[in-house]
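The values are calculated or read from the model by the stated rules, or taken from the named source; none is laboratory data. If you're wondering where the values come from, they're calculated on a predicted model, not measured in any experiment. Reconstructed Cβ throughout: ideal geometry from the backbone, glycine too, with neighbour counts over all protein chains shown.
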Amino acid sequence: MEFPRIDPVAIALGPLQVHWYGLMYLIGFVGGWFLLIWRAGRPDSGWTRDQVSDLVFYVALGVILGGRVGYVLFYNFGKFLDDPLWLFAIWTGGMSFHGGALGVLFAFWLLARKFGKRYFAVADFAVPVVPIGLGAGRFGNFINGELWGRPSDAPWAMVFPSDPMGVARHPSQLYEFFLEGIVLFLVLWLYSARPRPAGAVTGLFGVGYGLSRTFVEFFREPDAHIGYLAGDWLTMGMLLSLPMIVIGAAMIAWAYKHDDRPALKRG
């Protein structure tokens with residue numbers, strides 16, 4: 001199957017060009033903002049519109065700064081040592097989800113202090129909409145024809161124009177769009193619709209994303225400059241995702257064990 005060639009530039013107004021990938025980030029942040037505003041409107045939410053706006057702004061900074069630093073440290077540290085200023089060359093590409101996740105966790109801490117809320121009151125409120133940005137970003141990867149999968153003879157395998165080998169490959173970006181975007185969003189949004197123990201929603205995100213990413217890594221081509229870490233299966237993406245599963249599961253168990261809410265609010 002041939003890759004459906006899509007112009008990566010969505011809007012061109014003279015010298016001004018707006019790329020689809022940038023629009024995907026915008027969709028993720030704006031979509032999350034609207035849904036959180038809706039939830040903040042509930043009588044028992046404990047959130048205001050201004051707090052939601054601050055939350056989205058801080059998260060955006062955490063995603064961009066953490067994602068870039070994470071990519072440099074986790075995936076291309078050697079290049080950073082050769083050229084430290086490359087860290088700031090965001091226009092050359094290179095973002096890491098795991099780095100962005102750490103940036104967002106730090107943003108939650110800053111906001112918890114600013115709003116006088118408990119850490120998980122912030123995290124559990126925000127993480128259900130994170131998959132919107134994840135899914136949008138993966139769809140942006142697909143439009144750009146990047147981060148493609150391993151060679152495959154599946155009927156839906158595609159030949160990506162950026163692939164120097166010119167072989168049919170798994171469209172792993174779409175697998176991630178479905179699992180990390182659509183499925184994970186539905187699971188978290190429905191689970192968080194009812195009151196849960198502090199930390200349970202955040203823990204479920206860790207488990208859900210870790211499992212989704214680890215599964216897709218079996219179909220995704222590893223970064224060329226890193227390759228496989230062991231055999232022909234272990235990748236850096238797996239190595240960084242497995243702790244998320246373990247820590248997330250431990251968080252869920254801890255949350256329910258230490259749930260001190262009134263019995264009528266449990267569910």
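Do we have any residue at all in the range 218-240 that's surrounded by 14 or more Cβ atoms within 10 Å (Cβ to Cβ), of a type outside the set (A, V, I, L, M), at pLDDT below 95 and part of a helix (DSSP H, G or I)? Scanning the range 218-240 turns up at least one residue that is surrounded by 14 or more Cβ atoms within 10 Å (Cβ to Cβ), of a type outside the set (A, V, I, L, M), at pLDDT below 95 and part of a helix (DSSP H, G or I).
Among the residues making up the range 254-267, those that are exposed (fewer than 12 other Cβ atoms within 10 Å of the Cβ) and of a type in the set (A, V, I, L, M, F, W, C) are Ala263, Leu264. Filter the range 46-66 down to the residues that are touching a residue at least 24 places away in the same chain (Cβ under 8 Å), farther than 25 Å from Val9 by Cβ and surrounded by 14 or more Cβ atoms within 10 Å (Cβ to Cβ) and list them by number. Within the range 46-66, Trp47, Gln51, Asp54, Leu55, Val56, Tyr58, Val59, Leu61, Gly62, Leu65, Gly66 meet the criteria. Ala250: closer than 23 Å to Val130 by Cβ, modelled with pLDDT of 90 or more, of a type in the set (A, V, I, L, M) and outside any loop (DSSP other than H, G, I, E, B), yes or no? When the stated conditions are applied, Ala250 passes them. Somewhere in the range 227-234, is a residue free of Cβ contacts under 8 Å to residues at least 60 places away in the same chain and touching an Asp or Glu at 6+ places or on another chain (Cβ under 7 Å)? The answer is no; no qualifying residue exists. Selection of first residues in the range 242-258 that are under 20 Å from Phe97 (Cα atoms) and of second residues that are among the aliphatic types (A, V, I, L, M) and assigned to a helix (DSSP H, G or I), restricted to Cβ pairs under 7 Å at least 6 apart or on distinct chains, gives the following pairs, ordered by first then second residue: Ile245/Val207; Ile245/Leu211; Gly248/Leu204; Gly248/Val207; Ala249/Val207. Answer with yes or no whether Ile6 is more than 23 Å from Pro222 (Cβ to Cβ), exposed (fewer than 15 other Cβ atoms within 10 Å of the Cβ), touching a residue at least 40 places away in the same chain (Cβ under 8 Å) and of a type in the set (A, V, I, L, M, F, W, C). Yes; evaluated as a whole, the condition is true for this residue.
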